[in-house]
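Data first, discussion second: the structure below is written as structure tokens.
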Amino acid sequence: MSFVNRLRWFFKDRWGSYVIAVSIMALVSLLSTIPPNLIGKTVDHIREGELTSAGLSQTVLLLIGLSLMLYVMVYIWITTLFGNSALVEKVLRGRLLANLTRMTPAFFQRNSTGQLMALATNDILAIGQTAGYGVMTLVNTLVGASVVVIMMISLVSYKLMIAALIPLPLLAVVISKLGKKVRTRFLDAQASFGKMNDHALESISGIRVIRSYVQENDDLSAFDKVTSDVMFKNKRVSILNALFQPIISLIVGVSYSIGIGYGSYLVFQGEISLGQLISFNIYLGMLIWPMISFGEFINVLQRGSASADRLDTALTQKPDLEDADKLAAVAVPTSIEMKQLTFTYPTASHPSLDQVSFQLERGQTLGIVGKTGSGKSTLLKQLLRQYPLDQERLFVAGVPVEQIAIDQMRRWIAYVPQEHLLLSKTIRENIALGKPNATPEEVARAVEMASFTEDIAMMPEGLETIVGENGVMLSGGQKQRLAIARALLVDSEILLLDDSLSAVDARTESRILHHIRLEREGKTTFINTHRLSAVSHADWIIVLNEGRIIEEGSHEELMLFGGWYKEQWERQQMEASLEE
């Protein structure tokens with residue numbers, strides 16, 4: 001019943017089509033009992049010498065007409081029922097993706113990509129099979145078997161029916177035990193399938209690194225172990241699946257033996273006719289499919305129930321960060337302020353930011369510098385609202401950020417991360433990701449500001465060049481400039497550059513920053529960088545070390561202070577002069 005409860009919303013919405021399909025299936029089961037009765041009567045007429053040519057022709061035409069009618073009815077219920085199966089898969093995949101887009105990074109730390117892919121493929125497919133094929137097997141078992149048993153009692157002999165069905169309770173016991181084992185083994189198989197997905201994704205995305213270290217054979221060996229585990233666990237499921245039909249056939253075979261043996265005795269005793277015995281054995285043969293359906297139903301139900309539990313676990317997880325009940329209306333982020341903000345990642349034991357404070361007015365630029373791992377990227381992520389924060393530590397326009405809608409905050413921001421997401425589409429489509437309706441002039445202007453125009457002119461199809469999966473056709477610097485053009489096209493109130501100029505040369509960096517200063521006058525910019533020349537123009541610069549601000553001020557003030565910033569600046573200037 002857990003499966004029905006989890007999909008109650010779908011059955012409630014599609015109850016009409018299910019009623020139609022089930023009704024037609026029941027009617028088909030009922031009409032299917034007519035031919036055995038006609039055949040039995042025809043045999044009796046032959047035995048008694050009463051069969052006429054007209055009577056035989058009428059029986060044959062009736063059987064042909066009945067077959068054609070059953071064909072149409074079966075077509076209708078199959079398309080209706082399995083249409084629902086395809087629909088529930090579509091709806092569930094949409095729900096899963098919609099839920100994933102609301103999740104924060106902590107969710108994806110708890111759930112691997114491979115497991116989420118397994119949910120979207122194998123698990124949802126198993127649920128769809130239960131909603132379609134499972135319903136079919138259930139109706140065939142209940143309605144088909146009931147109709148056949150009633151016909152056996154009413155048209156042949158209840159004594160023969162009881163004797164022939166004696167072995168069937170054993171069937172229910174065996175299938176029940178097998179069904180529980182199928183569920184356990186299927187869950188193990190799905191988990192191993194998720195691990196295989198993870199390995200495949202890592203191998204494909206990291207193929208360049210694997211080749212550069214000549215680790216192809218080792219990676220293939222590791223993947224072979226993973227796939228062998230998947231094969232082994234799926235084999236264990238298949239072994240149980242393979243036991244269903246032989247056991248059912250064996251038990252039905254015993255019923256056949258009883259039916260023929262005891263039925264022949266009743267014919268000799270004159271309690272039933274030969275035609276009735278033939279009809280009874282045809283009815284008994286019609287019971288084979290309902291019995292097989294029962295085994296299939298238990299098998300499919302256990303798989304669907306296990307998959308529904310896994311999917312429900314993912315869908316019921318809530319984002320770690322949600323909007324407050326009462327939100328403040330803020331039209332423009334006139335200022336951004338942090339007050340003694342401390343932040344620790346969910347899986348970490350030490351804070352990544354410790355008592356960080358600064359204030360930035362609209363139109364100003366904040367430079368964030370420091371050693372690797374000092375917390376620069378973490379600081380920017382607090383503006384993106386990816387993790388919960390302590391109350392009243394981050395303010396926008398004087399309003400605590402927790403009182404501002406998350407979507408509103410993100411609409412103000414254009415973010416250029418260290419790891420760029422590029423779609424396997426054209427350069428134009430990648431640049432216009434945040435503004436799909438951008439005009440060609442707007443795209444060209446963003447490309448110019450990102451100093452990407454010359455690179456595009458050298459490409460075979462210009463802006464229509466396909467960049468390949470995750471920008472495989474582009475260099476590191478080209479990827480960065482494409483991502484910068486994407487952010488500049490949006491013309492947001494707040495621009496976050498997270499070490500986004502590391503792969504370009506100093507001259508290109510200078511041009512990009514010059515364009516940003518001119519075009520974004522009156523708007524706020526955050527620049528996180530290792531290259532201090534990128535923030536020398538900033539209104540305020542903070543130097544982080546192990547999550548704490550150890551120096552802050554303008555470029556001139558920090559140079560006078562004579563600390564880490566000055567030392568690093570002089571070293572970088574010396575390196576630049578040597579390179580020239």
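Give me the residue from the stretch 345-368 that is hydroxyl-bearing (Ser, Thr, Tyr) and touching a Phe, Trp or Tyr at 6+ places or on another chain (Cβ under 9 Å) and, out of that set, surrounded by the fewest Cβ atoms within 10 Å (Cβ to Cβ). For the stretch 345-368, the residue satisfying everything is 345. Put simply, of 52, 79 the only residue that is within 39 Å of the chain's Cα centre (by Cα) and exposed (fewer than 14 other Cβ atoms within 10 Å of the Cβ) is 79.
Evaluate the stretch 22-44: report whether one residue or more is exposed (fewer than 12 other Cβ atoms within 10 Å of the Cβ) and either over 38 Å from the mean Cα position of the chain (by Cα) or not acidic (Asp, Glu) (or both). So far as the stretch 22-44 goes, no, none of its residues is exposed (fewer than 12 other Cβ atoms within 10 Å of the Cβ) and either over 38 Å from the mean Cα position of the chain (by Cα) or not acidic (Asp, Glu) (or both). Taken over the stretch 379-402, the criterion of being of a type in the set (Val, Ile, Thr) and farther than 18 Å from residue 320 by Cα is satisfied by 396, 399. Among the residues of the stretch 523-580, count how many are hydroxyl-bearing (Ser, Thr, Tyr), under 46 Å from the mean Cα position of the chain (by Cα) and under 17 Å from residue 361 (Cβ atoms). Result for the stretch 523-580: 2. Among the residues of the stretch 29-85, those that are farther than 30 Å from residue 128 by Cβ and β-branched (Val, Ile, Thr) comprise 33, 34, 39, 42, 43, 46, 52, 59, 60, 64.
Any residue that is of a type outside the set (A, V, I, L, M, F, W, C), under 14 Å from residue 496 (Cβ atoms) and in a helix (DSSP H, G or I) - is there at least one of those in the stretch 411-418? Scanning the stretch 411-418, I find at least one residue that is of a type outside the set (A, V, I, L, M, F, W, C), under 14 Å from residue 496 (Cβ atoms) and in a helix (DSSP H, G or I), so the answer is yes. The residue list 268, 294, 280 contains one member that is without any contact (Cβ under 8 Å) to a residue 24 or more places away in the chain and either assigned by TED's automatic domain parsing to the domain that holds residue 549 or not β-branched (Val, Ile, Thr) (or both), which is 268. Check whether at least one residue in the stretch 268-283 is at pLDDT 80 or above and part of a helix (DSSP H, G or I), and report yes or no. Taking every residue of the stretch 268-283 in turn, at least one turns out to be at pLDDT 80 or above and part of a helix (DSSP H, G or I). Close Cβ contacts (under 9 Å, 6 or more residues apart or on different chains) running from residues in the stretch 138-150 that are farther than 24 Å from residue 302 by Cα to residues that are outside any helix (DSSP H, G or I) and not hydrophobic (A, V, I, L, M, F, W, C) comprise 147/32; 147/33; 148/32; 148/33; 150/33.
Yes/no matrix, rows are residues, columns are (1) at pLDDT 80 or above; (2) closer than 30 Å to residue 182 by Cβ; (3) crowded, with 17+ Cβ neighbours inside 10 Å:
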{"site": "206", "(1), (2), (3)": "no, no, no"}
{"site": "223", "(1), (2), (3)": "yes, yes, no"}
{"site": "233", "(1), (2), (3)": "yes, yes, yes"}
{"site": "239", "(1), (2), (3)": "yes, yes, no"}
{"site": "245", "(1), (2), (3)": "no, yes, no"}
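Residues in the stretch 563-572 that are in a helix (DSSP H, G or I) and in contact (Cβ under 8 Å) with a residue 12 or more places away in the chain: 564, 565, 568, 569, 572.
So which of 61, 68, 116 ends up being in contact with a helix residue (DSSP H, G or I) (Cβ under 9 Å, 6 or more places away or on another chain) and hydrophobic (A, V, I, L, M, F, W, C)? Only one candidate passes the filter, namely 116. When each of 473, 459, 449 is tested for being touching a residue at least 60 places away in the same chain (Cβ under 8 Å) and more than 15 Å from residue 417 (Cβ to Cβ), the lone residue that passes is 449.
Selection within the stretch 173-200: residues that are surrounded by fewer than 14 Cβ atoms within 10 Å (Cβ to Cβ) and in contact (Cβ under 8 Å) with a residue 40 or more places away in the chain. The member of this set that is farthest from the chain's Cα centre (by Cα) is 176.
The values are calculated or read from the model by the stated rules, or taken from the named source; none is laboratory data. Everything numeric here is computed off the predicted structure, so don't read it as measured data. With ideal geometry, Cβ positions are generated from the backbone for all residues, glycine too; neighbour counts draw on all protein chains shown.
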